[in-house]
Each structure stands twice: as structure tokens, then as C-alpha cells.
There are 2 protein chains.
Amino acid sequence: MPVPVAVAPTVHEMLVRAIEDGGGRFEPDPARARGLQWVGKDPVELRRLLESCPGIEWVQLSGAGVDRWTADGVVADGRIWTSAKGAYSEPVAEHALTLLRSLPQRVRATSWGSPTAVTLYDAHVVLVGGSGGIGREFARLVEPFRARVTTVRRSPEHEHEHPTDRLHRLLPDADAVVVACALTPRTRHLIDEAALRAMPRHAVLVNVARGPVVDTTALVRALDSRWIAGAGLDVTDPEPLPDGHPLWGRSDCLVTPHTADTPDMIRPLLAERLRDNVARMLRGERLTGVIDPEAGY
Amino acid sequence: MPVPVAVAPTVHEMLVRAIEDGGGRFEPDPARARGLQWVGKDPVELRRLLESCPGIEWVQLSGAGVDRWTADGVVADGRIWTSAKGAYSEPVAEHALTLLRSLPQRVRATSWGSPTAVTLYDAHVVLVGGSGGIGREFARLVEPFRARVTTVRRSPEHEHEHPTDRLHRLLPDADAVVVACALTPRTRHLIDEAALRAMPRHAVLVNVARGPVVDTTALVRALDSRWIAGAGLDVTDPEPLPDGHPLWGRSDCLVTPHTADTPDMIRPLLAERLRDNVARMLRGERLTGVIDPEAGY
């Protein structure tokens, strides 16, 4: 008997196929489903739906970061909740690499300027978080540059991984700092004035995680005071970054509008995660990307 | 008896050390030197110097591209001339990669826009020229992305290399075209209107070679007419690109001011090439990067 899985609030053909490919059955009515692929953005809307669908045992969210959902408390309802964590490592790692290398004045040039550039060759990159997937993928992408990647994580598992409290000791030796961690009460403003002051003047900061992991006010001061050479931000605080904000239009800061993983890019990756989790559910295996509401990711 | 080698028109400590490390002797007076490391930009100035220094048997130029020097005829004087070709493959390949990935509207954003992006994962890149070094390095850098690189060269040597006349047959299948060839009478306007029309609409063009390899007028038309998705140019024609030129300030074109290899970045690489060539001269071996005035590189 195939597991009935619904997709809401909007149905995408690719996700319907993923459910069927995983051995499940697409169920148009969430009230009759046991699993739910939620592709919406609004926790209140999801909570309301779930209240009228007691049969749903498992909710698959479409994002890799779930701060919006854990903050709201919707996740702690006794159901199994999974995120797409790890599924978007490729586009996010690629975007981090691009932001890192694109930082100098050059990309914002509108006239022929003086030649300056940064290089990744032999650089030391401090990677903050990323739950493994992005970190591994990023390290793979920069390997041809002979770049050295040191990862800071809540729970280090490998030799080149360090606990978060060692971050400030690693920063003075970083050519680049890439922020890829989940946003939790512990990581909010992790990159604060002290962290930015600890970075070398030639170093650059990249944020592909969540805006509030970086203290925006401190970052503006760091750039104005040249504590660091530049920043590349795919996420900001506030977000969207309002027109006229001091982070816009400066030659030492590149802002991309949360496009590390665009909808077009992630849909096939989300579909694969959904297919895999439907198949796991069918086999009674532990799902991939289970959210720990306590940890916040 | 160490070979006396001069550096002109300005002396850099790193190059003096390279001469000594190679087993040569730094000679402050070019008139007494047998070798010359020329770090200037002006062929007329160099020709004048060489006329008064008949003892100089070998001239090492500091650039990888030598169109300026072969066009002037200064190279065909019976001396051995070497360029830095191949020495700057790393920074140039890195810059090509950056231009390729940075193209979308995002990098020029000054307000929060709609999410679009390109990816290198599984992309097909057609690489034009590069005399081997840049091509190999570029292929190495994009390997983690599972990108496929097809190289077009005057003299193909490997399986994935094709003769230049096959370019137009390869273009319709390219996600990106990277121009890295020498500028010669044969490659001037190699990327013309027909080539740009042959590229898919989603493809991007990157030029890290010399401006005139691309027909600027045709490129502006290609962007205006959306024959291609975007362009990333480290070199332009004319160069410097004048303020107000139609290639400036558009969201589908990124111009960097000939900074693929900045002076700071290339000096150690040039020093290593100089050291190696001094050592080769001492051992009576063929030098690296000998210029073929006929071929133009």
C-alpha cells in the first residue's frame, strides 16, 4: 500500500513525480495524506493546515535552513519534520566560491580602475558551520586552488573541524571567512564587532547562511574602518535589504538577493530529497534531514 | 662564469633575486648584459635600448600575450625572445572562472531583485585557445563541478581539442565560451556576429585574452538582442574601455579592468619563469616560452 503524500500549498509536477518515483502515491487532499511536502513560506498557514490534517505524520520542508519554522514552534508538534539540509550543498558552495572571488572593486567597476584582485590559490578559508554538506562540497570546489579549509562547528567530527568557541583564535589566520551555519540563538550575531576586528585587513567575509548571523551594524563599521577588505552577502539583516541601505552600492561589498540556491536550481534537488525520503518511509528507515527542534536545524 | 642579466626599465628586487637563484648575475648596466628581463610596456623604448646593447642575446618579456611586440616587429631581430606564456595560467584560469560565474544580474544589483543564477555544475564550456596552460588549469578548476571542457586550438594535441575551424559547430552546444587565445591576425574578431549568433541564448561569453578577439560592435548587438545571456570581459576593444561605452553599467555584462593577472600576482610567477630560464641558459637548454614571431605567440 503506497504512502499517500500531499504537496501544498502549490503543486509542482516534479514533486508529484518524485513521490511516485519513491514508491509513494500523490494525494491531492492533504486531509487524506500521511506525508506532506510543504513548499510554502508561511508557518501560520502551515500550522493551520496541519490542524485540520491529523493524519499527516511527516512534513518535508523545502528549505535547508529552518529558523523560521523552529522559531515559530510549529516543528515541535510530535510529527517527524525534515528539512532539505545538505540537499543544496552544490549551488550554495558554488555561490560562496563566487562571492569570495568576486569581491574586489572590479565587479562593481563602471570605469577603468586600478588593478587589484584577490586569489583563492593557497588561501586559508575559515568555514563557519554548514552541517557538513556545504563544508565538504566547498572544500571539494576549492581543492584545485590548494586552498586550506578550516571548519568551525558546534560538534566537530573531523581533524580539520574545530568547536565554535575556537572561532576567534582562527580568525586572525583567515584569508576568507565563509558563514554557512544555521541561524539559532547561539549563532545570532556570531560575526560581531570582535570577530570582524579579529580578521586580517586583507580578509573577506562571505555569508550564504542567514543575515542575522552577521551583525550588520558591525559589518558596516568594519568596512568603513577597513578592518576587513570586503564582504559578499547572499543574505542580509534586514532582508530584503532596503534601497539606500549603507551596504548597497559600495565597492567593497557585493550583495546578491538570496540567490545562492534559486527555485529553478533547487527544485530537482528537493525532488530527489523527497523521492529518497518517501522511499525511506516505505522501507521504515530513518528519514534524511530530520530537524532537531532543540538544536534549531 | 655566471650569465649577466639586466632588468629594465625598472629594477625589481624579486627579479634580481630570481636571476641569482637561477645561477646568473644581476648586471645593472644592460650594455654589459647577455640577457634582459624587460618589464616595460613600450616597444619603441625597448627597441632603442636593444640598439645600444648588441651583447644582449636573449630578451624575456613580462607578458603572456605578445601581440604588442610581434606587431611592432621588434621580436624578429635574431635574438632569442621569450614571453611569460603559460606562467600565469593559474590567476587567468581563476579569473575566467569568476567572470563565468559572476555574470548574472546579481553582481550589479543595487536593489533586491528577482532570483536568477547560472551554474557551472555539469556545464559544457568551449575554451578558445590558451596554448595549453590556461586550458589545462581551467579544466582542473572546473573539474569538481563536473563541467565538460572542449578546447579549440590552432594545433590540437589531445582528444578533447579541436581545430579552430570547428568552432562554429561547437558553439550551439556551449553553456559558456571562454576566450583565452593569443591575438593574431587569424584570431582578430574570431568571435564575430556569426559566432555570437551560433551560441545558445542561455550561454555566456568570457574574454580573458585580448579585446580585439571579440568584435565589440557585434557583442553589443548580441547583448541588446539577447542572442546570448551575458558577457564577462577582462579585456576590451578599445582598451581602456572609455567612460560611457555601451558595455559599461549593463546588468548582462561585467567588465574588469584587465586584472586577471595583476602586477602583484604575477611578479612571483614571472620571477620563477626568469629564474628557470636563466638556469636553462646556463645549462645550454632550450628556454621556456620562446616566441614564434610567425605564429604571433
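No lab work stands behind these numbers, since they all come straight from the coordinates. All values reported here derive from a predicted model rather than from experimental measurement. FYI the Cβ positions are ideal-geometry reconstructions off the backbone, even for glycines, and counts take in every protein chain you see.
Sorted from closest to farthest, the other copies place their B:P242 label points 4.2 nm away, with each point set 7 Å from Cα along Cα→Cβ. Shown in residue order for region B:14-26 are the 3J(HN,Hα) couplings computed by the Karplus curve 6.51 cos²θ - 1.76 cosθ + 1.60 at θ = phi - 60°: 5, 6, 4, 4, 4, 4, 5, 4, x, x, x, 10, 5 Hz (x for Gly and Pro). Within the listed set B:G230, B:G40, B:G135, the Gaussian network model of chain B (springs between alpha-carbon atoms below 10 Å) gives the highest mean-square fluctuation for B:G40. Only Cα sites of region A:173-297 enter the Debye sum here, all with the same form factor; the resulting log10 I(q)/I(0) across q = 0.13, 0.15, 0.19, 0.21 1/Å is -0.63, -0.77, -1.03, -1.17, listed in q order.
Measuring nothing but how far apart in sequence close Cα pairs (under 8 Å, 6+ apart) lie, relative to its length, region A:165-240 scores a relative contact order of 34 percent.
Bridgeable lysines around A:K85 (alpha carbons under 29 Å apart, same-chain partners fewer than 8 residues away excluded): A:K41. Across the identical copies, the label point of A:V44 (7 Å from Cα in the Cβ direction) is separated from its matches by 7.4 nm, in order from shortest. Placing a label point 7 Å from Cα along the Cα-to-Cβ axis, A:T10 is separated from the same position in the other copies by 5.7 nm, shortest listed first.
Take the Cα pairs of region B:89-255, get the Kirkwood Rh, then feed it into Stokes-Einstein at 25 °C and 0.890 mPa s and tell me D in µm²/s. Display every interim value, and only then the final one.
Working: Rh = 15.7 Å.
D = 156 µm²/s.
Here the Karplus curve 6.51 cos²θ - 1.76 cosθ + 1.60, taken at θ = phi - 60°, turns the phi angles of region B:216-225 into couplings of 4, 4, 5, 5, 4, 5, 4, 6, 4, 8 Hz, with x standing for Gly and Pro. By the scheme Lys and Arg +1, Asp and Glu -1, what is the net charge of all other residues having a beta-carbon under 15 Å from that of B:P9? Combined, the nearby Lys, Arg, Asp and Glu give -2.
How would you classify region A:187-251 from its alpha-carbon gyration tensor, with a ≥ b ≥ c the square roots of the eigenvalues: rounded for a/c under 1.5, else prolate if a/b is greater than b/c, otherwise oblate? Because a/c hits 1.5 or more and a/b fails to exceed b/c, region A:187-251 counts as oblate. With both residues required to sit in chain B, DSSP beta bridges show an antiparallel share near 5%.
For region A:38-46, backbone phi angles converted through the Karplus equation (6.51, -1.76, 1.60; θ = phi - 60°) give residue-by-residue couplings of 9, 10, x, 10, 10, x, 5, 4, 5 Hz, Gly and Pro being listed as x.
Dipole magnitude for chain A: about 340 debye, using +1 per Lys or Arg Cβ and -1 per Asp or Glu Cβ, origin at the Cα centre.
Please state the shape class of region B:13-67: rounded when a/c is under 1.5, otherwise prolate if a/b exceeds b/c and oblate if not, all from the C-alpha gyration tensor.
oblate
Over the residues of chain B, the helix contribution to mean residue ellipticity at 222 nm works out to -8500 deg cm²/dmol, using -39500 (n - 2.57) for each DSSP H run of at least 4. I need the Debye-formula profile for the protein assembly as shown: one equal scatterer per C-alpha, no solvent, reported as log10 I(q)/I(0) at q = 0.06, 0.07, 0.08, 0.10 1/Å, two decimals. Calculated log10 I(q)/I(0) at the listed q: -0.37, -0.50, -0.63, -0.92.
Between B:G65, B:G22, B:G232, the residue with the greatest mean-square fluctuation in the GNM of chain B (Cα pairs under 10 Å linked by springs) is B:G22.
Summary: within chain A, the longest segment free of GluC sites (Glu not before Pro) located in DSSP loops with at most 13 other C-beta atoms within 10 Å is A:1-156. Per residue, the average separation of C-alpha pairs within less than 8 Å and at least 6 apart gives chain A a relative contact order of 20 percent. Helix A:89-102 sits at what angle to the longest principal axis of chain A, using alpha carbons and giving 0 to 90 degrees rounded to 10? That helix lies at roughly 20 degrees to the long axis.
Under a model in which nothing but the beta-carbon of Lys, Arg (+1) and Asp, Glu (-1) is charged, the protein assembly as shown shows a dipole of about 220 debye around its Cα centre.
Three semi-axes describe the equivalent ellipsoid of region B:6-111; taken as square roots of 5 times the Cα gyration tensor eigenvalues and ordered largest first, they are 35, 17, 12 Å.
Remark: relative contact order (region B:89-255) = 22 percent; criterion is Cα-Cα distance under 8 angstrom and separation of 6 or more residues. Amide hydrogen proximity for B:L127: with H placed 1.01 Å from N in the peptide plane, the residues at 5 or more positions away or on another chain lying under 5 Å are B:T150, B:T151, B:V152, B:V178.
The DSSP beta bridges internal to the protein assembly as shown are antiparallel in roughly 5% of cases. Roughly how tilted is helix B:133-142, in degrees to the nearest 10 and between 0 and 90, from the longest Cα axis of chain B? Its long axis makes an angle of about 40 degrees.
About the centre of its Cα atoms, region B:89-255 shows a dipole size close to 260 debye [charges on the beta carbon of Lys, Arg (+1) and Asp, Glu (-1) only; nearest 20 debye]. Measuring how big chain B is from its alpha-carbon positions, Rg and Dmax come out at 20.4, 67 Å. Partner shielding of A:241-247 amounts to 2, given as the average count of beta-carbon atoms from other chains within 10 Å of each residue beta-carbon.
When the charge dipole of chain B is built from unit charges on Cβ atoms (+1 for Lys and Arg, -1 for Asp and Glu) and taken about the Cα centre, the candidate among B:T259, B:L205, B:V125 whose Cα reaches farthest toward its positive end is B:V125.
Averaged over peptide A:253-261, the number of partner chain Cβ atoms lying within 10 Å of each residue's Cβ comes to 5. Seen from A:P238, the other residues with C-beta closer than 13 Å to its C-beta sum to a net charge of -3, counting Lys and Arg as +1 and Asp and Glu as -1.
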